[in-house]
Amino acid sequence: MDTEPDFFETAGLGMQTSDVRQANLRAILTLVALNPGSSAADLSRKSTLAPQTVSLLVDDLERGGLLRQGEPLRGRRGQPARPYFINASGAYTIGVEIGWQHIEAVMVNIGGEVLTQYRRDYAYPDSRTIFTELGSITRQFVDRLPEAERPKLMALGIAAPTGIGRNVGLLDADPEVGRRWQNIDIVAEAEKVTGLRAFLYNDGNAACWAELGAFPALRPASFAYLLIGTFIGAGIVAESTLWEGPTGNSANIGSMLVTDRFGDQNFVHLLASIYALQQRLTGAGIEVPPTTPLFWPWSDWEPHVAEWIEDAAWALAKAVLNTAAVIEFRTAVIDGVMPPEIVDRLLVAVRENISRLPSLTFDMPQIVRGHLGGAAPSRGAAYLPIFKRFFSRDLNHMAG
């Protein structure tokens, strides 16, 4: 039987001197990222570290290629202060989403800038071609970096839905497709075809992390996130921490069981997703284009779209309130891989349904629209390795 450490056991672990220094380096790097152009004196004041300590940390970060100096800030007392900025070319990552009906990839630098991207739609993910394609994408991206910069490509982040092998049959894939996925180690296969260290994230968690970064300051410390795609990608930030759970697949709000408008039980995935709309349209004899929903002729499909929005909004409202009853948050972010006007209609309907539902001991959360749409999973997959490697002060991340 698997065993976990006692709840209080980790409280007995000491912090080595190297851990303290690592934490301080990451604190300074974070402050510069949030406050570009800060001087050493600014960083000392904001971090509460001594000026001499900050000076040593800044020197280390400059030597490591992660910080760069700007032109001196004149007009102040004493010697001109040097402003510091993140060195955007200090590190790069690739993020790829292996989605239910598309693959999307981006390459970003440590400053979060998207340098290049790729996308292809398909009927379902086929492991026989996905990894060959991933290797080809990676080589194309690497070729676009200056040769001297290529060693700074530090990782590949992969965002993928949990249970591809179990559920790909919903997309009319041959059962053999699912069996092949169940026998594949995604990380090992990705590392073999790309030559990069790979990290696997649940697609909803990756998208949630990207959404957190896209929020303007002041960012909420706790919120729920739902991305309406082929199925429902979801994530939760709780008390300033992305809640990934012991397996990295927690916050699977789409698998929550709710009752529909007629009182029948069903999963949020099967009521509020693009897949649910596809099923409705196919049942009405409408041929759905094999492209991203962003380019579908939505206006031609009324009233089917209106009925789907009504059913989806009811399911999403219940899911949000049920989640809020367990994990306190004041904000729920809902986004979708669909035209902005459809997302807006869905949000209006979710708000209306939430206002009709009872709450016992908590306030109704505010429903807001996301910032990234369908780009969120691949960007989150690219950003998470950078955050954990250079910015996070979680002891597990620093140890890695």
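Summary of values
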read-out: Set of lysines with alpha-carbon distance to Lys152 below 23 Å, sequence-local pairs under 8 removed; value: Lys192, Lys388
read-out: Separation in nanometres of the label points that stand 7 Å from Cα toward Cβ, at Arg166 and Asp60; value: 4.3
read-out: The chain: calculated mean residue ellipticity at 222 nm from DSSP helix runs of at least 4, using -39500 (n - 2.57); value: -12000 deg cm²/dmol
read-out: Beta bridges per DSSP with both ends in the chain, % antiparallel, nearest 5; value: 60
read-out: Prolate/oblate/rounded label for region 180-326 (Cα gyration tensor, a/c 1.5); value: oblate
read-out: Candidates per chymotrypsin sites (Phe, Trp or Tyr not before Pro) in region 304-400, loop by DSSP, up to 13 other Cβ within 10 Å; value: Phe362
read-out: Relative contact order for the chain, counting Cα pairs under 8 Å that sit 6 or more residues apart, in percent; value: 16
read-out: Overall form of region 57-158 per C-alpha gyration tensor (a/c, 1.5; a/b vs b/c); value: prolate
read-out: Debye intensity ratio I(q)/I(0), log10, the chain, q values 0.06 Å⁻¹ (C-alpha model); value: -0.27
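Computed from the coordinates by the stated procedures, all read-outs in this text should not be read as laboratory data. None of the values given here were measured: they were computed from a predicted structure. A quick note on method: Cβ atoms are made from the backbone with ideal geometry, for glycine too, and the neighbour counts reach across all protein chains shown.
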